[in-house]
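The values are calculated or read from the model by the stated rules, or taken from the named source; none is laboratory data. This one's a predicted model, so the numbers in the text were calculated from it and none came from an experiment. Glycine gets a Cβ as well: all are built from the backbone with ideal geometry, and neighbour counts include every protein chain shown. In case anyone asks, the SASA skips ligands and DNA or RNA and just uses the protein heavy atoms, side chains included. Shrake-Rupley method; radii C 1.70, N 1.55, O 1.52, S 1.80 Å.
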Amino acid sequence: MPVASEGALQGITVLDFSRFMQGPHCSQMLGDLGAEVIKVERLGAGDDNRGFQFNRIRGINSFFLALNRNKRSVTLDLKHPKAKGVVARLLPTCDVLLENFRPGTMEKLGLGYETLARINPRLVYCACSGYGQEGPYRDRPGQDLLAQVMSGLAWATGRTGGYPRTAGSYVVDAYGAMLATVGILAALQSRVHTGRGQRVDVCLLDAGLHMQCQELTYHLNGGQFRSRENDEVGHPLEPAPYGIYPTADRRFLATSAGPWSNLCRAIGLPALETDPLFDTPQKRLDRRPELQAKLAAVFRAQPRAVWLERLTAEGVWSAPVYDYGEVAEDPHIKSGGMIRTEHHAEIGHYRVIGNPIRLSETPPRYRTPPPPLGADTAQVLKERGFPDEEIAQLRAENVI
């Protein structure tokens, strides 16, 4: 069958008030899948990521480039008395509203769920926050780092006697964005049957907990959580050899699974398979520090490529530990299309990570790069019935 020319979410319009990462990552996913995303930004400043002076690519912040394709930018001063009226007139044409202000902020602006649901009962209203809309921490500022540490993730990633460690990416923000996307899609599907929208509430702390559902389930039911004794341990609940090991060329490899006997053959120590200290998974967990050290000494004797060839030949699950330069040059990654070259009117060509979802009939599309601030304000309003004279007046009054 021919591939459809439009995306899976064609006909869905998202009014996106979010900024930073969680919200924009979610709305970009919806935009990639065909939704029209109207990004509502602060007049004169825009999304906070636009203004950060670090991590810039030829003058534009790379975080903003990464998270804001397939969107139309509308500027609006939400504190202006006329802003609520502008939103109210945009709302009937919108299916989804997305925001990630602190709880209560949209209500103070007159844009809370109960108010807007009366204007558009079919509206799916997604509120993202640090700690949720209820509870003792609801008014606290939320951010990925804080969610990593409060959810236990940084502690679980740390090492015995050392500092807790956060991930090298905003993993809770990213996971929270995907949860928001799932929630929005579920609410849209429910609307098909009920004719009504609903509120979707996703917070970073819950996302951090949900990421660790396996580990926390073990702990909450009496399991003894084992800290990572050294840098080679890949997961605190997995027995050796599961982990990362240094090689002779100052690189690293990881091995995760495969028959124990195969690993022993691959590293040239077949007798290790029946060593009474390590001949069961439980023993390899109980004596993990000792076994990890033994394996690390073996792996240090040969370059990474040699070991990966031997491990692969024996069916041991293994992979090289890449730095970002190696990631960008890996032939499989390059062939998969996840690293894309796009064009931006201000900076020319730039490389960016694409959408990982593969759909056979309605694949993600890369229609437009991140927009200039306010570039679509007049057109979006005009499409929704605002006459030119009113648009000019709103602009003169610094509403838009």
Identify all aspartates and glutamates with a Cα-Cα distance to residue 79 below 14 Å; exclude those on the same chain that are fewer than 8 residues away in sequence. 41, 107, 397
Can you sort 21, 106 by 1.4 Å-probe accessible area, starting with the largest? 21, 106
Run down the lysines and flag those whose C-alpha is under 18 Å from the C-alpha of residue 294, throwing out any fewer than 8 positions away in its chain. 283
For the stretch 123-156 versus the stretch 27-90, the gap between their alpha-carbon centres in whole angstrom: 22
Average projected area [Cα convex hull, the stretch 159-207], square nanometres: 4.3
GluC sites (Glu not before Pro) within the stretch 313-369, DSSP loop, no more than 14 other Cβ atoms inside 10 Å: 346, 361
Under a plain spin-label model, where a point goes 7 Å from the Cα along Cα-to-Cβ, how far apart in nm are residue 102 and residue 169? 3.0
Under the classification rounded if a/c is under 1.5, otherwise prolate if a/b is larger than b/c and oblate if not, where does the stretch 215-338 fall, given a ≥ b ≥ c as square roots of the Cα gyration tensor eigenvalues? oblate
Using a 1.4 Å probe, how large is the accessible area of residue 76, given in Å² and rounded to the nearest 10? 10
Give the shape of the stretch 76-232 as rounded, prolate or oblate, defined through the alpha-carbon gyration tensor: a ≥ b ≥ c are the square roots of its eigenvalues, a/c under 1.5 means rounded, and otherwise the shape is prolate if a/b is larger than b/c and oblate if not. prolate
List the chymotrypsin sites (Phe, Trp or Tyr not before Pro) in the stretch 1-65 that DSSP assigns to loop (not H, G, I, E or B) and whose Cβ has at most 14 other Cβ atoms within 10 Å. Which are they? 52, 54
From the coordinates shown, mean projected area of the Cα convex hull in nm² corresponds to which of [x] 19.0; [y] 24.4; [z] 25.9: [y]
Please list, or write none, the aspartates and glutamates whose alpha carbon is within less than 12 Å of the alpha carbon of residue 39, excluding same-chain residues fewer than 8 places away. 16, 47, 99, 376
Residue 210: accessible area at probe 1.4 Å, nearest 10 Å²? 100
Kindly state, to the nearest 0.05, the FRET efficiency for residue 362 paired with residue 218, given R0 = 41 Å and r defined as their beta-carbon distance. 0.55
DSSP beta bridge pairing in the stretch 1-90, given as percent antiparallel to the nearest 5: 20
Which of the peptides 88-101, 171-184, 127-140 is most tightly packed, and how do the rest follow, judged by the mean count of other Cβ atoms within 10 Å per residue? 171-184, 88-101, 127-140
Helix-only estimate, please: 222 nm mean residue ellipticity of the chain, summing -39500 (n - 2.57) across DSSP H runs of length 4 or more and dividing by its residues, to the nearest 500. -10500 deg cm²/dmol
Looking at the square roots a ≥ b ≥ c of the eigenvalues of the Cα gyration tensor of the stretch 72-155, which shape do they give, rounded for a/c under 1.5, prolate if a/b is larger than b/c, or oblate? prolate
With both partners inside the chain, how many of the DSSP beta bridges are antiparallel, as a percent to the nearest 5? 45
Mean Kyte-Doolittle hydropathy of -1.0 or higher plus an axial Cα length of 15 Å or more: which whole DSSP H helices in the chain meet both? 22-32, 171-194, 288-299
Considering only C-alpha atoms, what is the centroid distance from the stretch 341-372 to the stretch 225-285, in Å? 40
